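Peer 1: One structure, as structure tokens, below. Some questions next.
The values are calculated or read from the model by the stated rules, or taken from the named source; none is laboratory data. Note that the structure is a prediction, hence the values are computed from the model and not measured. So basically every Cβ, Gly included, is an ideal-geometry build from the backbone, and we count neighbours across all protein chains shown. Note: accessible area is taken over every heavy atom of the protein model, side chains too, but ligands, DNA and RNA are not part of it. Shrake-Rupley method; radii C 1.70, N 1.55, O 1.52, S 1.80 Å.
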Amino acid sequence: VIPAFNAAAYIDDTIKSIQAQTLQVTEIIVVNDGSTDDTSVIARACGATVIDQQNVGLPATRNRGIASARQPWIAFADADDPWELDKIERQWRSLQLAPNASFSFSDFSQFNVHGIINASVIHEVHRHFELVSRRPLDRHASLCDSVTLGAALLRQNVFCPSSLIVKRDVALSLGGYDPKLFAAEDYEFVLRLTRKHVGTYVDLPLVRYRRHGKAMTSNIPRMREGLVAVALRTITRP
């Protein structure tokens, strides 16, 4: 599921990285959130299933994709974040090794037009993730303890939205992403997700997180307001 708004410059790269996966996905759904550029045209030309809608914001757009999907598992990708070619294969293997898991996520890298910023965001930026208790599944994958993962998330979000794979019925049972949040909705979602569900982690940078001026995370005041909203909600409704 790919939510997209004015992503014509990047969506071709992202879709092609998904189509080239060593373990193929069943369907690529692009939810075009009222783009005024050629996002929809490019996505269709790449062979994706495109849902066009009026602009409603990122959380509701993700939810539209969840509702439209028909497979029991959903992988999310932001329109500007390409995947490494073995992303799905490695995460799917971890889920097969942990039948009680409801989600999976991975390490990720960050890059911009000048090159790589962080080769491993988890190890270079989110070092508090080392406090999460994990049971090894194979060389790179592990099953996370929900209590210590939740504690780590209260310090800082360690999930890249484009690395998340989740059971569709679990996402629906949680009510999806909160459309009332204008930023950090992915953070609030994983706080609820990890509260009652366990997941796997693959300790490899399987997503390339693109930094650019038009990305939502580049709007620092907006992101800070969103994080404050999530913090207040977590305090009042723990």
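Peer 1: Please give the length that would be gained between Asp169 and Ala231 if that part of the chain were fully extended, namely 0.36 nm times their separation in residues minus their C-alpha to C-alpha distance (nm, one decimal).
Peer 2: Length difference between fully extended and current span is 19.7 nm.
Peer 1: Follow-up. Quick check for you: with a 1.4 Å probe and neighbouring chains kept, what is the accessible area per residue of the chain, in Å²?
Peer 2: Accessible area per residue, the chain: 48 Å².
Peer 1: Okay, next question. Rounded to a whole number, what % of the accessible area of segment 1-147 do carbon and sulfur atoms account for, probe 1.4 Å?
Peer 2: After summing per-atom areas, the C and S share lands at 51 percent.
Peer 1: Something else: Asp52's amide H: which non-local residues (gap 5+, or another chain) put their own amide H closer than 5 Å, with H modeled 1.01 Å from N in plane and none for Pro or chain starts?
Peer 2: Under 5 Å from the amide H of Asp52: Asn32.
Peer 1: Right, something else. Of the beta bridges DSSP finds with both residues in segment 19-144, what % are antiparallel, to the nearest 5?
Peer 2: 55
Peer 1: Once you list every other residue whose beta carbon is under 14 Å from the beta carbon of Leu181, what net charge do they have if Lys and Arg are +1 and Asp and Glu are -1?
Peer 2: Every neighbour counted, the sum reads +2.
Peer 1: Of Leu191, Leu131, Leu227, which is the most mobile in a GNM of the chain whose springs link Cα atoms less than 10 angstrom apart?
Peer 2: Leu131
Peer 1: Also: What is the total of Lys pairs in the chain with C-alpha atoms under 27 Å apart, excluding same-chain pairs fewer than 8 positions apart?
Peer 2: Total qualifying Lys-Lys pairs in the chain comes to 10.
Peer 1: I'd like the GluC sites (Glu not before Pro) in segment 152-238 restricted to DSSP loop residues with at most 10 other Cβ atoms within 10 Å, sorted by number.
Peer 2: none
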